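Here is the structure we will look at.
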Amino acid sequence: ELLEEQQRRNVTDLEEVRGTIPQLNEKHTEFTERYLRDRSEVTRQLAEWSETVVAHEQTMERFGKEMRAFREAHEDTRRALENLSQLDERIQREAHQIGEAQRVAEERQRKELESWQDENGKRWSRHEIETSRVTAELQNRLDELSERISDLAARIEAVHPEIERLWQTHEQEAEARLQSAQDRYVLVSRQREG
């Protein structure tokens, strides 16, 4: 009886299993289809992701090139700025040197001008003093000469009558001598003729 009961149960279980086989087949088919769909979707997603990754890699590569170019440009700019800074420092240093040289030159010119003006003032003062002295001496000499001329004129005026008298006396003596010489000449001529 136990054996029969067990057999009946086995048959019943077998019938139930047989009854569930179509359902299992259907579920299996659904699972397979869903798996295939999911796999296709996954494949599609993987393909999209692969394309996205490739695009990202290309983008990153482009960004990398741009960053390298940017770093190179930045380095060039930095070197250019350093050169400009050095040039600016050199220009400022040279401008300071030129300004200092100009200041020294202007100071030297100012001192030379002041020295020249001072020396020229002294020379001009000496010249004025010397000119005044020479002018005074000339004026004194002129005054002396004028006084002497006045004295001489007075003396000439005083002796003028005497000079006139002496001149007339001299003329008379000269005429007398000339007449005496002429008389002697006539006398000697007559004696030679006689």
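The values are calculated or read from the model by the stated rules, or taken from the named source; none is laboratory data. These numbers were taken from a predicted model, which means no experiment stands behind them. Every residue, glycine among them, receives a Cβ derived from its backbone with ideal geometry; neighbour counts consider all protein chains shown. Accessible surface areas use protein heavy atoms only, side chains included; no ligands, DNA or RNA. Shrake-Rupley method; radii C 1.70, N 1.55, O 1.52, S 1.80 Å.
Values for this structure:
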item: Angle between the chain longest axis and helix 2-193 axis [Cα atoms, degrees, rounded to 10]; result: 0
item: Within the chain, helix-based [θ] at 222 nm, where runs of 4 or more DSSP H residues each add -39,500 (n - 2.57), nearest 500; result: -38500 deg cm²/dmol
item: Net charge of neighbours whose Cβ lies under 13 Å from the Cβ of GLU112, counting Lys and Arg as +1 and Asp and Glu as -1; result: -2
item: The chain, accessible area per residue, ligands and nucleic acids excluded (1.4 Å, Å²); result: 93
item: Positive-end residue, region 80-176 charge dipole about Cα centroid, Cβ charges, pick of ILE91, ALA158, ASN120; result: ILE91
item: Neighbour net charge for ARG78 - beta-carbon separation under 13 angstrom, K R +1, D E -1; result: -2
item: R0 of 25 Å, Cβ-Cβ distance LYS65-GLN86: FRET efficiency to nearest 0.05; result: 0.20
item: Column: log10 I(q)/I(0), Debye, Cα scatterers of the chain, q = 0.13 Å⁻¹; result: -1.10
item: Gaussian network model of the chain, springs between alpha carbon atoms under 10 Å - residue of SER40, SER180, SER150 with greatest fluctuation; result: SER180
item: Region 102-194, accessible surface, carbon-and-sulfur percent (1.4 angstrom probe); result: 54
item: Choice from LYS122, LYS111, LYS27 showing the highest fluctuation, given a GNM over the chain with Cα pairs closer than 10 Å; result: LYS27
